[in-house]
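Read the structure below first, then the notes.
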Amino acid sequence: MGAVTDAITAEIDALHGDDTAPGLAQLALALARSIDDTDAATARAVAGRELRAVMTDLRKLAPVGEEEDAVNDIARQREKRRAAARNAADG
């Protein structure tokens, strides 16, 4: 596989694209392979534009992950402060 195909395969796996939208996932892989397999700049540009659109759709359809992010961290810190304030008020 080529570099674009490898990167798209990894992203589709991370997004669970084969589960949520298998047709779009396969289309993305086909577009990635076409980018890797051609030297024609125009063909690469067209396939790249379409691939970007397909991946945008896949990202929108991806299930919401349980990964930690800054928002989760802020919410956790806020809950700790509230719990500490409740304990101080009760204590």
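Annotations for the structure displayed:
- Residues located in region 11-49, provided they are among the acidic types (Asp, Glu) and farther than 19 Å from Met1 by Cβ: Asp19
- Scanning region 62-84 turns up one or more residues that are open to solvent by 100 Å² or more (accessible area, probe 1.4 Å), of a type in the set (A, V, I, L, M, F, W, C) and not in a helix (DSSP H, G or I).
- Odd one out for Arg49 among (1) at pLDDT 90 or above; (2) in contact with a Gly (Cβ under 8 Å, 6 or more places away or on another chain): (2)
- Among residues of region 1-22, those that are touching a residue at least 24 places away in the same chain (Cβ under 8 Å) and in contact with a helix residue (DSSP H, G or I) (Cβ under 6 Å, 6 or more places away or on another chain), counted: 9
- Selection count where residues are under 22 Å from the mean Cα position of the chain (by Cα) and in contact (Cβ under 8 Å) with a residue 12 or more places away in the chain, scope region 33-89: 16
The values are calculated or read from the model by the stated rules, or taken from the named source; none is laboratory data. All of these numbers come straight from a predicted model, not from anything done at the bench. Positions of Cβ are generated from backbone atoms using ideal geometry, with glycine treated the same way; all protein chains shown enter the neighbour counts. Heavy atoms of the whole protein, side chains included, go into the accessibility calculation; ligands, DNA and RNA do not. Shrake-Rupley method; radii C 1.70, N 1.55, O 1.52, S 1.80 Å.
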